[in-house]
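**Student:** I have a structure here, written as structure tokens, and I will follow up with some questions on it.
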Amino acid sequence: MKHIETVETRDMAVSAVKGGCGECQTSCQSACKTSCGIANQACENKDAE
Amino acid sequence: MIHQYKLNGYNIVLDVFSGSIHIPDDIAYDAIRFLDEGKSEDEAKAALRSAYPGISDEDVEDTFSDINELKEAGKLFSEDVFREVTMDFKKRVTPVKALCLLVAHTCNLNCSYCFAAQGKFKGQEKAGLMSFETGKRALDFLVENSGTRKNLEVDFFGGEPLVNFQVCKDLVAYARSIEKEHNKNFRFTLTTNGIGITDEVIEWANKECYNVVLSLDGRKEVNDRFRVDLGGCGSYDRIVPKFQKLVEARGGKGYYMRGTFTHHNTDFTNDIFHMADDLGFSELSMEPVVTDPSDPCALTEEDLPVLFEQYEILAKDMIRRKRDGKPITFYHYMIDLEHGPCIYKRVSGCGSGTEYMAVTAWGDLYPCHQFVNDPEYKLGDIWNGVTAENIRDEFKLCNVYAKPDCQNCWARLYCAGGCAANALHATGDIHGTYEYGCELFKKRIECALMMKVAESKGDC
Ligand code: SF4
Ligand code: SF4
């Protein structure tokens with residue numbers, strides 16, 4: 001690629017196959033208590049890509 | 001769907017559905033824009049040639065070959081294939097995995113902007129403390145309803161939970177005594193205003209709490225404007241040394257300094273920097289106030305551009321700090337692109353009313369801490385479980401695909417549809433959206449992604 005660089009990211013389609021275990025933290029529990037955002041939650045599932 | 005923007009000298013393209021992030025040069029940035037406007041490849045090439053008169057044929061061809069390669073790999077202009085994921089949401093089993101325990105509906109401070117009205121919540125006169133028996137039953141309720149979930153989260157909240165410290169301690173001890181036999185792992189969070197912190201609290205919190213959230217609004221004059229005691233005296237001088245002692249003793253375990261900014265301190269980065277530079281805290285969170293628009297401290301339309309700029313200042317400064325080897329964490333800029341949440345989490349939202357609930361001191365269940373004492377949203381209680389199944393189902397189905405305003409939003413897989421409580425307060429419907437919050441949210445995500453781009457470019 002000469003004109004575009006790509007940052008490494010989790011592939012959402014792949015995550016649909018193995019994800020969904022539900023072990024991750026509940027969003028509002030962690031700090032804010034007044035709004036949701038899930039982007040900063042870490043995935044707890046070491047086997048899911 | 002794509003979202004493209006320029007920030008801090010970077011060209012950034014987010015491919016919404018694959019979650020891919022690209023850094024195109026100017027030519028490719030414009031080429032992507034032309035395609036996104038609906039131009040065919042030939043039209044886009046022609047537009048590119050007129051935008052860049054000296055451009056070589058080779059550059060044009062290379063640019064489109066890059067674009068096509070990404071398209072084929074499903075990383076650019078990818079399709080939304082996740083709607084079906086939400087189709088079965090009603091059938092979905094949603095074990096409860098997190099409880100917010102309102103162990104004290106009373107407070108030793110009297111912050112006027114408090115959404116919990118010092119723990120009395122809305123319209124309720126009675127103050128009260130959770131008894132050990134009620135708390136114990138809440139933990140049993142959680143274990144009973146958590147299915148195969150191993151990690152269970154419990155937050156001591158209020159009011160001010162340390163007003164009822166003995167019960168917090170006893171509940172943790174009880175949880176520890178039952179977690180092994182049930183194959184569970186309790187994670188406790190303490191959210192406190194700091195007044196009640198003692199050496200004993202520090203030792204306990206640092207041993208037992210996975211996370212502590214310490215409320216401080218930043219600079220002394222900012223903090224003391226709202227965070228005052230019953231006599232109207234500011235709390236800053238009393239709480240800061242306690243917070244510093246607690247954090248120092250924490251030995252690297254998770255914590256957040258959590259502030260609120262209002263119309264009176266729209267220059268909130270100064271509060272963040274004060275906490276970082278003058279007080280030595282590195283894990284920081286700063287939230288826009290949630291209050292009635294008629295309240296003088298409510299954020300206004302005119303504040304919005306100021307806040308946008310503040311978020312940019314913060315992001316750029318954090319890049320500098322990281323480069324200098326002294327990074328700080330800002331809760332909303334913490335994005336894990338490679339190991340972040342899977343798509344199920346990204347469409348299903350905050351979990352309020354399904355996997356997350358709040359328990360009042362007398363054992364009533366509500367969808368979350370922000371719905372407490374709204375009789376329309378009472379779910380049931382910890383003895384009889386969820387009896388208002390219609391409300392639970394409403395929350396179960398309230399995902400990002402069920403919210404009309406979110407359908408065209410590029411940020412939806414980072415946001416998951418926003419806060420149901422804010423939506424209800426702003427629009428009267430949990431399926432609505434609190435637009436002001438959306439604007440801030442999107443700005444924060446733009447900044448957070450920009451920081452990731454800077455990182456991948458080796459600029460920090
Ligand atoms: S930012 Fe607003 S519109 Fe976008 S997904 Fe979140 S709640 Fe919906
Ligand atoms: S509804 Fe809002 S306040 Fe309640 S848990 Fe969800 S994001 Fe948090």
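**Student:** Condition (residue is farther than 30 Å from B:Arg187 by Cα, of a type outside the set (S, T, N, Q) and assigned to a strand (DSSP E or B)) applied to segment B:240-258: is it met by at least one residue?
**Tutor:** no
**Student:** Still on this structure, please answer the following. Taking segment B:1-41 as the search range and keeping residues that are in a helix (DSSP H, G or I) and in contact with a strand residue (DSSP E or B) (Cβ under 7 Å, 6 or more places away or on another chain), which one is nearest to the other protein chains (Cβ to nearest Cβ)?
**Tutor:** Filtering first and then ranking leaves B:Ala28.
**Student:** So which of B:Cys447, B:Cys342, B:Cys419, B:Cys350 ends up being open to solvent by less than 30 Å² (accessible area, probe 1.4 Å), under 30 Å from B:Ile319 (Cβ atoms) and away from ligand 1 (no atom under 16 Å from the Cβ)?
**Tutor:** Sole residue among the options that is open to solvent by less than 30 Å² (accessible area, probe 1.4 Å), under 30 Å from B:Ile319 (Cβ atoms) and away from ligand 1 (no atom under 16 Å from the Cβ): B:Cys342.
**Student:** Checking the condition crowded, with 17+ Cβ neighbours inside 10 Å and either of a type outside the set (Gly, Ala, Ser) or at pLDDT below 95 (or both), which residue from B:Leu246, B:Leu230 passes?
**Tutor:** B:Leu246
**Student:** Moving to a separate point now. Which pairs do you get when a residue that is within 22 Å of B:Tyr311 (Cα to Cα) and modelled with pLDDT of 95 or more, found in segment B:1-19, comes within reach of a residue that is open to solvent by 20 Å² or more (accessible area, probe 1.4 Å) and basic (Lys, Arg), reach meaning Cβ atoms under 8 angstrom, with the pair 6+ apart or on two chains?
**Tutor:** B:Gln4/B:Arg33; B:Asn8/B:Lys316; B:Tyr10/B:Lys457; B:Ile12/B:Lys6
**Student:** Output the number of the condition that B:Gly437 fails; it satisfies all remaining conditions of (1) within 14 Å of ligand 2 (Cβ to nearest atom); (2) away from chain A (no Cβ under 12 Å); (3) surrounded by 21 or more Cβ atoms within 10 Å (Cβ to Cβ); (4) farther than 30 Å from B:Phe141 by Cα.
**Tutor:** Every listed condition holds for B:Gly437 apart from (2).
**Student:** Here is a follow-up. Which residue is nearest to B:His425 (Cα to Cα), if the candidates are limited to segment B:288-314 and must be modelled with pLDDT of 95 or more and among the β-branched types (Val, Ile, Thr)?
**Tutor:** Looking at residues that are modelled with pLDDT of 95 or more and among the β-branched types (Val, Ile, Thr), I get B:Thr300.
**Student:** Can I ask one more? Could you check segment B:148-168 and list, in sequence order, the residues that are open to solvent by 50 Å² or more (accessible area, probe 1.4 Å) and out of contact with any Asp or Glu (no Cβ under 8 Å at 6 or more places or on another chain)?
**Tutor:** Listed by number, the residues that qualify are B:Thr148, B:Val163, B:Gln166.
**Student:** Taking the options B:Asp429, B:Asp459, name whichever one is in contact (Cβ under 8 Å) with a residue 60 or more places away in the chain and open to solvent by 40 Å² or more (accessible area, probe 1.4 Å).
**Tutor:** Result of the check over B:Asp429, B:Asp459: B:Asp459.
**Student:** Within segment B:294-322, count every residue that is in contact (Cβ under 8 Å) with a residue 60 or more places away in the chain and part of a helix (DSSP H, G or I).
**Tutor:** Residues that pass the stated criteria total 12.
**Student:** B:Met334 is checked against (1) touching a Pro at 6+ places or on another chain (Cβ under 7 Å); (2) within 14 Å of chain A (Cβ to nearest Cβ); (3) open to solvent by 10 Å² or more (accessible area, probe 1.4 Å) and fails just one. What number does that condition carry?
**Tutor:** If we test B:Met334 against (1) touching a Pro at 6+ places or on another chain (Cβ under 7 Å); (2) within 14 Å of chain A (Cβ to nearest Cβ); (3) open to solvent by 10 Å² or more (accessible area, probe 1.4 Å), just (1) comes out false.
**Student:** While we're here: Go over the candidates B:Trp383, B:Trp410 one by one and state the one that is near ligand 1 (Cβ under 8 Å from one of its atoms) and surrounded by fewer than 22 Cβ atoms within 10 Å (Cβ to Cβ).
**Tutor:** B:Trp410
Results for (1) within 7 Å of another protein chain (Cβ to nearest Cβ); (2) more than 16 Å from ligand 1 (Cβ to nearest atom); (3) modelled with pLDDT of 80 or more, shown as yes or no for each residue.
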| site | (1), (2), (3) |
| --- | --- |
| A:Lys2 | yes, yes, yes |
| A:Glu5 | yes, yes, yes |
| A:Glu8 | yes, yes, yes |
| A:Ala13 | yes, yes, yes |
| A:Cys28 | yes, no, no |
| A:Cys36 | yes, no, no |
| A:Ala48 | yes, yes, no |
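**Student:** From B:Tyr436, B:Tyr401, grab the single residue that is in contact (Cβ under 8 Å) with a residue 60 or more places away in the chain, within 11 Å of ligand 1 (Cβ to nearest atom) and touching a Leu at 6+ places or on another chain (Cβ under 9 Å).
**Tutor:** When all the criteria are applied, what remains is B:Tyr436.
**Student:** Residues in segment B:89-96: is at least one open to solvent by 30 Å² or more (accessible area, probe 1.4 Å), touching a Phe, Trp or Tyr at 6+ places or on another chain (Cβ under 6 Å), closer than 25 Å to A:Arg10 by Cβ and basic (Lys, Arg)?
**Tutor:** No, there is no match, as no residue in segment B:89-96 is open to solvent by 30 Å² or more (accessible area, probe 1.4 Å), touching a Phe, Trp or Tyr at 6+ places or on another chain (Cβ under 6 Å), closer than 25 Å to A:Arg10 by Cβ and basic (Lys, Arg).
The values are calculated or read from the model by the stated rules, or taken from the named source; none is laboratory data. Quick caveat, the model's predicted, so the values are computed rather than measured. Note: ideal-geometry Cβ built from the backbone for every residue, glycine included; neighbour counts use all protein chains shown. Remember, those area values only see protein heavy atoms, side chains included, never the ligands or the DNA or RNA. Shrake-Rupley method; radii C 1.70, N 1.55, O 1.52, S 1.80 Å.
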